[in-house]
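**Q** Here you go, one structure.
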Amino acid sequence: MNNEADCSQSQAIENEIADLEQRLRAAKARLRHTPSEAVAASTPPSKLPHHDTLQPTATHFLFLLSDSALPLGSFAFSSGLESYLAHSRPNSSFPAFLTYSLSSYASTTLPFVLAAHRNPEKLAELDDTLDASIICTVGRRASVAQGRALLSIWERSFSGAVPGSPERSEAIRQLKEFALLLRNAASTASGELPAASAHLGPLFGAIAFIVGLERQETAYVFMLSHVKALLSAAVRASPGERGGAGGHPGRDPEGVGYEGGGCGAECSGDGLVGWET
Amino acid sequence: MISPFPPSSSRPGNGSLTAHLLPHSISALSKITFQYPLKLISPSPSANQKSVLVFLLTYGGGLVGGDQVLLNIDVKPKARLSIVTQGHTKVFKSTSRDIVTRQRLDVSIEMGAALCLLPDPVQPFEGSVYEQLQKFTLAGGASICLLDWVSAGRTARGENWDFHAWSGRNELWTASAKGEAGRMLLRDNIFLDGNLGSGKERLLKHRMQNMSIYGTLILNGPLMESLAAFFMSEFSGLPRIGARDFRSQANVDIDSEMKISRQESWRRDRLQLEKDDGLLWSAAKVRGCTVIKFGSRTVEGARVWIGSMLKEEGSISEHFGEEATMCVR
């Protein structure tokens, strides 16, 4: 009885292996006939991670998501830099703060990005857990504002441009459901526990998965956007900026070391717009 | 001969506490068990106690590297329980980085019950590895006041955040009811790694910015509403970052001679203390919980500060009795 069951089970596994091998051969054959491979072979290797696994559309979305002009409103939050500068004068060091902030962001928010990339179907659960884990009021507001901005970018432009594929369509359906949940949560705002909040981290992970970014690229782009947000916050916090237009970026050589060459002058027009209160 | 008694279910480091409400609204313990190295003591009850007081202790005054403590607490409907310690919870050195000293607290607070957990700070010694996990499940109308703080170690011996690792996680959950799973209200997770990455900033003592103590106070539930509102209002009244006093010295003198209320003078003294001790704090509301984070250059400064805040507002002593705040006095 048992032997029979084992036999049929191992037979089933062998069939499955044969099937998978055949599919692999077919997929390899198809890959050999696609033009993109010829192009990739003729161009010099790029420094981007996992270049050879990138599909053209994924590269396109990689550039969009890493663009500093992506309208997520990340400039509105200094991630604690303003407070750090105020409390650590005159020993402030932007490079030190950057290290602290990256290490903190990588261990608090990045895991949610990666988890959503790995399991996009758990988006709502991850969003709820992250909502329970962000203690800082300003940080919560910024995370939700950026998450909602990303969701609206997805709905208005990305969703129409994503090539259909069976493994992604389930994730897309989940994302639609989440957006619906969010809208309902907003209309029936009651009690202290929201049904959905739309924090940036999990949404970023899920959307990056849907548009075809690899896990490593997703993590890299997400952390890079944090670095960019911090740098622009540092530029806005520099003494040249605080003093208003016309301040000299290099005025205080011994002071805080966050003044990039010429940055203060370039951006001196926008003052302290969007600074957290 | 076969023992007529059932085998013991007690395990080293495990303990269990149950607080009940007796007639005349007196809270009392119906169960208290513990095994080495954990030790629980409760003073004999008095007729007018507002909550039942329990001392959470360890034999020898600390946890030796590798000790595992697991304490289950059940606060039955409408009962009130206060937990305190008799001095810092010392965490001794682990012989290697893989030997983790753990404390786990699993608390269920039932309908209308309340727990006040105001212990002394945890004091991790040089070379210690510590992990703390505290989970609180709150039924409807349950209240909790929870303080969790960690110091830089034996600063008198020159220790300054020299432990290998310290991690503390506090989770608040709603109780599951009628087929609905409990939902997480709050997760406050702190990892302090003594030695991280490379460069000058890799050591924790540089990252802690001259703080000697770092703590979190979490409040939730109807009994804590007034205390939470008090912290929020004091926080919003703090001087803003970068704010300056534009008054001339003459005006400052005139203002200081003006009659001010007792509360205003308390606030002025407290702000001065915060400045002198380098005490920084913030308060935030997260999904119905109020979370206060604070850090100070001295352990004593933090103790005086939190004691002064709780005493000024007064509701903790009112609901749980004076003894509940003995660690922050």
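The values are calculated or read from the model by the stated rules, or taken from the named source; none is laboratory data. Bear in mind the structure is a predicted one, so any value in this text is a computation, not a measurement. Note that we place each Cβ from the backbone using ideal geometry, even for glycine, and neighbour counts take in every protein chain shown.
**Q** Can you tell me how many residues in segment B:175-202 are touching a residue at least 24 places away in the same chain (Cβ under 8 Å) and either of a type in the set (A, V, I, L, M, F, W, C) or surrounded by fewer than 20 Cβ atoms within 10 Å (Cβ to Cβ) (or both)?
**A** Number of matching residues: 10.
**Q** Within segment A:182-241, track down each residue that is in a loop (DSSP other than H, G, I, E, B), modelled with pLDDT under 90, surrounded by fewer than 20 Cβ atoms within 10 Å (Cβ to Cβ) and not β-branched (V, I, T).
**A** Of everything in segment A:182-241, those that are in a loop (DSSP other than H, G, I, E, B), modelled with pLDDT under 90, surrounded by fewer than 20 Cβ atoms within 10 Å (Cβ to Cβ) and not β-branched (V, I, T) turn out to be A:A189, A:S190, A:G191, A:E192, A:L193, A:P194, A:A195.
**Q** Also, I was wondering about something else. Considering only helices (runs of 4 or more DSSP H) fully contained in segment A:88-163, which possess at least 1 residues that are within 12 Å of chain B (Cβ to nearest Cβ), within 30 Å of B:R297 (Cβ to Cβ) and among the aliphatic types (A, V, I, L, M)? Let's see the steps before the verdict.
**A** Values: elements: A:94-108, A:110-118, A:123-133, A:137-153.
Because the criterion is at least 1 residues that are within 12 Å of chain B (Cβ to nearest Cβ), within 30 Å of B:R297 (Cβ to Cβ) and among the aliphatic types (A, V, I, L, M), the helices (runs of 4 or more DSSP H) in segment A:88-163 that meet it are A:94-108, A:137-153.
**Q** How many residues does segment B:72-97 hold that are in a loop (DSSP other than H, G, I, E, B) and in contact (Cβ under 8 Å) with a residue 24 or more places away in the chain?
**A** 13
**Q** Here are A:L193, A:L213: which of them is within 14 Å of chain B (Cβ to nearest Cβ) and in contact with a Leu (Cβ under 8 Å, 6 or more places away or on another chain)?
**A** A:L193
**Q** Consider B:S108 carefully, then state whether it is touching a residue at least 40 places away in the same chain (Cβ under 8 Å), assigned to a strand (DSSP E or B) and surrounded by fewer than 23 Cβ atoms within 10 Å (Cβ to Cβ).
**A** Yes: the conditions hold for B:S108.
**Q** Restricting to segment B:118-164, give me the number of residues that are within 14 Å of B:K205 (Cβ to Cβ) and of a type in the set (A, V, I, L, M).
**A** Result for segment B:118-164: 2.
**Q** Right, something else. Only one residue in A:E82, A:E125 is acidic (D, E), out of contact with any Cys (no Cβ under 7 Å at 6 or more places or on another chain) and under 25 Å from A:S232 (Cα atoms), so which one is that?
**A** A:E82
**Q** Here's a follow-up. What's the number of the only condition in (1) of a type in the set (S, T, N, Q); (2) outside any strand (DSSP E or B); (3) modelled with pLDDT of 90 or more that B:T33 fails to meet?
**A** (2)
**Q** Within segment B:304-323, is even one residue over 30 Å from B:S27 (Cβ atoms) and surrounded by fewer than 17 Cβ atoms within 10 Å (Cβ to Cβ)?
**A** Among the residues of segment B:304-323, not one is over 30 Å from B:S27 (Cβ atoms) and surrounded by fewer than 17 Cβ atoms within 10 Å (Cβ to Cβ), which makes the answer no.
**Q** Inside segment B:166-184, can you point out the residues that are within 13 Å of chain A (Cβ to nearest Cβ) and either in a strand (DSSP E or B) or acidic (D, E) (or both)? Working first, answer last.
**A** Residues of segment B:166-184 that are within 13 Å of chain A (Cβ to nearest Cβ), as a first pass: B:167, B:169-174, B:180-184.
Hits for segment B:166-184 are B:S167, B:R169, B:N170, B:E171, B:L172, B:W173, B:T174, B:E180, B:M184.
**Q** Can you tell me how many residues within segment B:37-61 are of a type outside the set (V, I, T) and at pLDDT below 90?
**A** Of the residues in that region, 9 qualify.
**Q** Of the numbered conditions (1) assigned to a loop (DSSP other than H, G, I, E, B); (2) of a type in the set (D, E); (3) within 14 Å of another protein chain (Cβ to nearest Cβ), B:D162 satisfies every one except a single condition; which is it?
**A** (3)
**Q** Being within 14 Å of chain A (Cβ to nearest Cβ) and touching a Gly at 6+ places or on another chain (Cβ under 8 Å): is that true of B:I144 here?
**A** Criteria not met by B:I144.
**Q** Which members of segment B:22-61 meet the condition of being surrounded by 14 or more Cβ atoms within 10 Å (Cβ to Cβ), within 22 Å of the chain's Cα centre (by Cα) and among the β-branched types (V, I, T)?
**A** Answer for segment B:22-61, where residues must be surrounded by 14 or more Cβ atoms within 10 Å (Cβ to Cβ), within 22 Å of the chain's Cα centre (by Cα) and among the β-branched types (V, I, T): B:I32, B:V52, B:V54, B:T58.
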